[in-house]
Amino acid sequence: MTSAALLLAAEKESAQVTDWAARIGWVVGLGLFVALVYWLMREGWKWRGTLQGDLPELPTAPSAPDEAKPAVLSMSGRYHGSTTAGQWLDRIVAHGLGTRSRAELTLTDAGLDVVRPGADDFFIPAGALREAVLGKGIAGKVLTEGGLLLVTWEHGGTLIDSGFRSDHAAEHTAWVEAINSMIDKRETEGAR
């Protein structure tokens, strides 16, 4: 039995030593691949902004708000981005419209003021508002039906859909009604 144990012991091989050079090479290669993909995505984002360069600068809120025109509605929530109207995947990135952020919305008779901490604020004049609807998605964000307030407005000859989500989703219906009634009132007065 001793000779059999010696034969078994002689046939055992030691565990293979880790090839650190190959492992480090794979990790570095994977890191470079991830960096390349990130760089390509960033270049694509910048290219999209260049293609949308014909979009004029965004309007800013009037510097001295008229005291006779108090806020109709205000809301805290998130701005999820803007797209070409009717094309919910065609994101607009020019002038910071592609940047998601927190948002404070204020609707007055003058228009819709969008204040975004950490991103560029913008103002949608009442004359540029076209429609407000409840939606479920905009580029990069899909929610349940009615989970998104979509405001359609015109800027520089381009119709734009901007998506907002209130911290209290029940507010969306009031916003749709207020914006659409403001548009209907303006169109009725313009027809006279």
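All of (1) aromatic (Phe, Trp, Tyr); (2) assigned to a strand (DSSP E or B); (3) within 23 Å of Ala169 (Cβ to Cβ) hold for Trp88 with one exception: (2).
Condition check ((1) more than 14 Å from Thr152 (Cβ to Cβ); (2) at pLDDT 90 or above; (3) in contact with a Lys or Arg (Cβ under 6 Å, 6 or more places away or on another chain); (4) open to solvent by less than 10 Å² (accessible area, probe 1.4 Å)) across all residues:
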residue: Thr99; (1), (2), (3), (4): yes, no, no, no
residue: Leu112; (1), (2), (3), (4): no, yes, no, yes
residue: Arg116; (1), (2), (3), (4): yes, yes, no, yes
residue: Ala119; (1), (2), (3), (4): yes, no, no, no
residue: Leu134; (1), (2), (3), (4): no, yes, no, no
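Looking at Leu105, Leu159, Leu150, just one residue is assigned to a strand (DSSP E or B), aliphatic (A, V, I, L, M) and open to solvent by 70 Å² or more (accessible area, probe 1.4 Å), and that residue is Leu159. The C-beta contact set for region 158-186 (first residue closer than 24 Å to Thr84 by Cβ, second residue assigned to a helix (DSSP H, G or I), distance under 8 angstrom, 6+ apart or interchain) comprises Ser166/His172; Ser166/Trp175; Met182/Ala126; Arg186/Ala126; Arg186/Gly127.
The values are calculated or read from the model by the stated rules, or taken from the named source; none is laboratory data. Since the model is a prediction, treat every value here as computed from it, not as a measurement. Glycine gets a Cβ as well: all are built from the backbone with ideal geometry, and neighbour counts include every protein chain shown. For the accessible areas, the whole protein counts, side chains as well, though only heavy atoms, and no ligand, DNA or RNA atoms are used. Shrake-Rupley method; radii C 1.70, N 1.55, O 1.52, S 1.80 Å.
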